[in-house]
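Colleague: Sharing a structure, written as C-alpha cells. Questions coming.
The values are calculated or read from the model by the stated rules, or taken from the named source; none is laboratory data. These figures come from a predicted structure and were not determined experimentally. With ideal geometry, Cβ positions are generated from the backbone for all residues, glycine too; neighbour counts draw on all protein chains shown. Side chains are part of the model used for accessible areas, which takes the heavy atoms of the whole protein and leaves out ligands, DNA and RNA. Shrake-Rupley method; radii C 1.70, N 1.55, O 1.52, S 1.80 Å.
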Amino acid sequence: MQKLIISPSILAMDFSQVNQQITKFNQSGAQWMHFDVMDGHFVPNLTFGPDILTGFKKITKAFMDVHIMVENPTVVASWFVDAGADLITFHREACADIESCVALCRKLRSQGVMAGVSVKPKTDVKDLIPYLEEMDVVLIMSVEPGFGGQAFMPEVLDKVRQLHKVITDRHLSTRIQIDGGINAETGKLAVAAGCDTLVAGSYVFKRDMREAVHSLLCLEK
Ligand code: DX5
Ligand code: ZN
C-alpha cells in the first residue's frame, strides 16, 4: 500500500477568506491541493481557470492536483500544464475512446506532469485495466461530479477493490484516488477497499482543517 495522501478540494473553501483559508491549509498536514475545474458543459457547474492555479501557487507549496471535468480535456489540460499543475486528471467519459485517453496520458507525462483518469460512478474501469501503466492515478468518483457536499456512494468501492487487486498483482505504482462525500467514516471504507489518495472538500474546509486532515491521515493501513 502506498503512503496515504489527503487532497482537500478548494471547491469547498470560503472564497471571501482566501488568504486565511490557505494559511490554515498550509498548516493542516495535507500534501496535495485538489482543484475542481468545471466547464458548465461536462458538468452543470462552472469553476476555476488556470489563472487561479497560478495565483495559488504563489501562496502554497502543496502539490497541485487538478481534476478537469470538461468536454475538451486535451485543450484544457494544456492550459493547466502551462499554469504549473503537478497532476492533471481528466475524465474517461470525455474521451472518444480508450486510445485517445491513453494518448493524453502519454502527452502529459512527456510534459513532466502526472496523468490521471477519472470515472463517474456509473462508468466501468474495465477498459482502463490494460493501460494502468500509462496512468499515475485513477480517480473513482463517489458522487456525480458537479458539486461538493453530496452523499458518498458506497457501490463505487467494487471498482476500487477491482483496481487494487490488479495494481497489486502487477506491482504497479498507479494511485487509486476517491472523490466525493469523503469524511472519516467513508474514508475508512475507501482505504479498506484500497484507496491511497482521498479528496475531501466539505469535510476539511467546513471544520478545523488540521483536525479533519489528521483524522483522514490516521486511516492509513
Ligand atoms: C465534485 C468534485 C469533488 C467535490 C468533493 O464534482 O470533484 O472534488 O468537490 O467535495 P465533497 O468532499 O464536499 O463531496
Ligand atoms: Zn474533484
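Colleague: If the elastic network links every pair of Cα atoms under 10 Å, which of D158, D196, D86 fluctuates the most in the Gaussian network model of the chain?
Modeller: The residue with the greatest mean-square fluctuation here is D158.
Colleague: Considering the chain as a Gaussian network with a 10 Å cut-off on Cα pairs, which listed residue, S78, S110, S142, attains the greatest mean-square fluctuation?
Modeller: S110
Colleague: What are the trypsin sites (Lys or Arg not before Pro) within region 90-155 that DSSP puts in a loop, where the Cβ has at most 11 other Cβ atoms within 10 Å?
Modeller: K122
Colleague: Shifting gears a bit: What does the convex hull of the alpha-carbon atoms of region 123-221 project to on average, in nm²?
Modeller: Here the figure is 6.3 nm², rounded to one decimal.
Colleague: Tell me, what is the percent relative contact order of the chain, built from C-alpha pairs under 8 Å that lie six or more residues apart?
Modeller: Contact order relative to length: 23 percent.
Colleague: Please give the charge dipole size of the chain, origin at the Cα centre, charges +1 on K and R Cβ atoms and -1 on D and E Cβ atoms. Round to the nearest 20 debye.
Modeller: 560 debye
Colleague: Follow-up question, since we're still on this one. Sorted by accessible area with a 1.4 angstrom probe, largest first, how do L172, L108 fall?
Modeller: The ordering from most to least exposed comes out as L172, L108.
Colleague: Which value, in debye to the nearest 20, gives the size of the charge dipole of region 60-110 about its Cα centre, when Lys and Arg are +1 and Asp and Glu are -1 at the Cβ?
Modeller: Charge dipole of region 60-110: 220 debye, to the nearest 20.
Colleague: Continuing with the same structure: Based on alpha-carbon positions alone, could you give the equivalent ellipsoid semi-axes of region 160-208 from the gyration tensor, as √(5λ), descending, whole Å?
Modeller: 25, 10, 7
Colleague: Report the one residue of A77, G29, M13 whose Cα lies farthest in the direction of the positive end of the charge dipole of region 1-120 (charges on C-beta: Lys and Arg +1, Asp and Glu -1; origin at the Cα centre).
Modeller: G29
Colleague: In the chain, what cysteines have no partner Cβ closer than 4.7 Å?
Modeller: C105, C195, C218
Colleague: Say the dipole of region 1-120 comes from +1 at the beta carbon of Lys and Arg and -1 at that of Asp and Glu; which of L46, A62, I88 then lies farthest toward its positive end?
Modeller: Most positive-ward Cα: A62.
Colleague: While we're on this one: Taking only protein heavy atoms and a 1.4 Å probe, what accessible area per residue, in Å², does region 68-167 have with all protein chains in place?
Modeller: Counting only protein heavy atoms, the per-residue value for region 68-167 is 41 Å².
Colleague: So, one more: Give me the accessible area of H164, 1.4 Å probe, in Å² rounded to the nearest 10.
Modeller: 60 Å²
Colleague: Related question: Principal axis lengths of region 89-163 from Cα atoms, whole Å, largest first?
Modeller: 37, 24, 21
Colleague: Find how much the distance from A96 to K188 grows on full extension, using 0.36 nm per residue of separation minus their present alpha carbon separation; answer in nm with one decimal.
Modeller: Full-extension gain reported as 29.7 nm.
Colleague: Where the Cα atoms of region 1-139 are projected onto their three principal axes, how long is each span, largest first, in whole Å?
Modeller: 43, 36, 29 Å, listed from the longest principal axis down.
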